[in-house]
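Asks: Questions regarding the structure given below will be posed in turn.
The values are calculated or read from the model by the stated rules, or taken from the named source; none is laboratory data. Values in this document were obtained by computation on a predicted structure and should not be read as measured data. Cβ coordinates were reconstructed from backbone atoms using ideal geometry, including for glycine residues, and neighbour counts include every protein chain displayed. Accessible surface areas use protein heavy atoms only, side chains included; no ligands, DNA or RNA. Shrake-Rupley method; radii C 1.70, N 1.55, O 1.52, S 1.80 Å.
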Amino acid sequence: MSLIPVEEAFRRIVGDAAPIGDTETLPLGEAFGRVLARDLPAGRSQPGFDASAMDGYALRSEDIGYKPEPLRIVGESAAGRAFEGRCDTGDCVRIFTGAPMPDGADAVLIQENAERLADGRLLPRTGVKVGQHVRRAGIDFQAGDILVPARGILTAGRIALAASGSHPTLDVVRRPRVAILATGDELVPPGAPVGPSQIVASNSFGIAGLVRAAGGEPLDYGIAPDAAETIGRLVDRAVAERVDILVTIGGASVGDHDLIGPVFASRGVALDFWKLAMRPGKPLMAGRLGPLRLLGLPGNPASSMVTATLFLQPLVRALLGLVATIPYREGILGADMVANDERADFIRATIGDSTAVVPIVSPFGRQDSSLLSVFARADALLLREPHAPAAKAGEPCRFIVLG
Ligand SMILES: Nc1nc2c(c(=O)[nH]1)N[C@H]1C(S)=C(S)[C@@H](COP(=O)(O)OP(=O)(O)OC[C@H]3O[C@@H](n4cnc5c(N)ncnc54)[C@H](O)[C@@H]3O)O[C@H]1N2
Ligand code: MOO
């Protein structure tokens, strides 16, 4: 079996993923980070009235031209309590930031530029231009403006904008449901007694974190022994629960206990087994069972995390209707690198707390795919392209930020 390039596998896994159509309505306070289902029009204009931008005096600018005369202070306009009267020639109104402009006034003189006279009148010290320190109604947005476009991620700023547009709830795209199934007779859950030749199952927790970070909802399907019947029941459960993606971990290689393929075959699925031109993460499975997508990740901890970063996270984003790419960035090599073979290397690395404009990406010395302690220290995957020639520290490189 020839090695499939990373880009080819990405295209086959993510390329045809159509956004899911289901939506749900959430209170604004729970919508952070979710994906908006449809365009969000403003329910009102902001500000809803001409408002003062400063503390001072609302007045008619023509009244304080070349040689300002004292003005009568005829009232007060505060935020939430407008002045009901008019500001006529020779009048001014005490006003505070955010308060409605009184009728007749066209500018605000800041209080630092005026003097209260002993007789209670106001002596302007400077002139003002028409509209000075006035926020016109609707300068932020007008009723009906689209505040957030469909499929926009609800960032902190957008949530605040939606609130300002008077939306107490938002329609968001349902999070893609990702069932995660660890397989292997040797696995026990964290905290359970670990017998001889057993290991603690760790990958499901890491993959769940990556799913969450991409905007999906992880569902823990636990640990299945290497028994076709059990694995088959869990596949049936994924179909019945209408999950979007079933991720299996382990059993992706060529061993005698690799049952995922036969189980899927028994359900009528043609599962592709690929050997990818990448390291870590050579063996990978992918297939479809109706609307259910299947992704079989290799069992080695770093291999499963790297393949999930490259293929599962973009797949989740594609199902949300978001741009789905492998998010490479430009950096500078922090160490000399030897020439690479035919597999793309995703080297656990750190960009440390470098303040350089272009990040310096430094590989860790130990790269065995079983080493979670190294993966957990890594904040970047340094890419070495297939057949990349030897490179010196300081040369450009590409990398992926790990979240
Ligand atoms: N003859 C060959 N042997 C192997 C090949 C190969 O091409 N020819 N590929 C190697 C590569 S590369 C990888 S990666 C592994 C992948 O194997 P599997 O996906 O079948 O994974 P397992 O054999 O089930 O497990 C590998 C390793 O990872 C541990 N593991 C499994 N699941 C978990 C989990 N949930 N949490 C923590 N650790 C887990 C498992 O105990 C094994 O130690 O195959 C190579 N072999
Ligand atoms: O995926 Mo295996 O990637 O080289 O340990």
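Asks: Please give me the summed charge of the neighbours of residue 99: other residues whose Cβ is under 11 Å from its Cβ, Lys and Arg +1, Asp and Glu -1.
Replies: Net of charged neighbours comes to 0.
Asks: Kindly report, to the nearest 10 Å², the accessible surface of residue 67 as traced by a 1.4 Å probe over protein heavy atoms only.
Replies: Using a 1.4 Å probe on the heavy atoms, I get roughly 140 Å².
Asks: Give me the accessible area per residue for the stretch 122-254, probe 1.4 Å, as a whole number in Å².
Replies: Value returned for the stretch 122-254: 47 Å² of accessible area per residue.
Asks: If contacts are Cα pairs under 8 angstrom and at least 6 residues apart, what is the relative contact order of the stretch 328-401 in percent?
Replies: 50
Asks: Starting from the amide H of residue 201, placed 1.01 Å from N in the peptide plane, find each other amide H under 5 Å away whose residue is 5 or more places distant or on another chain.
Replies: The list, which skips near neighbours in sequence, is 188.
Asks: Using a 7 Å offset from Cα along Cα-Cβ at residue 212, what residues in the stretch 172-204 end up with backbone N under 16 Å from the label point?
Replies: From the stretch 172-204, the list is 175-180, 202-204.
Asks: Heavy-atom accessible area per residue, the stretch 298-403, 1.4 Å probe: how many Å²?
Replies: For the stretch 298-403, the solvent-accessible area averages 45 Å² per residue.
Asks: How charged is the neighbourhood of residue 176? Take every other residue with its Cβ under 14 Å from the Cβ of residue 176, and add Lys/Arg as +1 and Asp/Glu as -1.
Replies: Neighbourhood net charge equals +4.
Asks: Given the options 209, 290, 321, which has the most mean-square fluctuation in a GNM of the chain, springs set between C-alpha atoms less than 10 angstrom apart?
Replies: Comparing 209, 290, 321 in the GNM, the peak value goes to 290.
Asks: Another question about this same structure. Starting from 0 in steps of 20 Å, tell me what percent of the Cα-Cα pairs of the chain lands in each bin.
Replies: Result, from short to long distances: 22, 36, 21, 17, 3 percent.
Asks: At 1.4 Å probe size, with the rest of the protein present, what percent of the exposed accessible area of the chain is carbon and sulfur atoms?
Replies: 53
Asks: Would you please name the chymotrypsin sites (Phe, Trp or Tyr not before Pro) within the stretch 1-70 that are DSSP coil residues with at most 12 other C-beta atoms within 10 Å of their C-beta?
Replies: Answer in residue order: 66.
Asks: Another question, if that's okay. Could you give me D for the stretch 51-135, from Stokes-Einstein at 4 °C and 1.567 mPa s, where the hydrodynamic radius is the Kirkwood radius over C-alpha pairs? Units µm² s⁻¹, please.
Replies: 107
Asks: Which value at 222 nm does the chain reach when only helices count, each DSSP H run of 4 or more adding -39,500 (n - 2.57), with the total divided by all residues and rounded to the nearest 500 deg cm²/dmol?
Replies: -5000 deg cm²/dmol
Asks: Using the Kirkwood radius built from alpha carbon pairs, what does the Stokes-Einstein equation give as D for the stretch 8-48 at 37 °C and 0.692 mPa s, in µm² per second?
Replies: 237
Asks: What is the dipole size for the chain, taken about its Cα centre, with +1 at each Lys and Arg Cβ and -1 at each Asp and Glu Cβ, in debye to the nearest 20?
Replies: It works out to roughly 180 debye.
Asks: If amide hydrogens are placed 1.01 Å from N in the peptide plane, which non-local residues have theirs closer than 5 Å to the one on residue 105?
Replies: The answer is 87.
Asks: Can you report the principal axis dimensions of the stretch 328-401 using only the alpha carbons, biggest first, rounded to whole angstrom?
Replies: Rounded to whole Å, the extents work out to 33, 28, 19 Å.
Asks: Related question: What GluC sites (Glu not before Pro) does the stretch 80-133 have in DSSP loop regions with at most 11 other beta carbons within 10 Å?
Replies: 84
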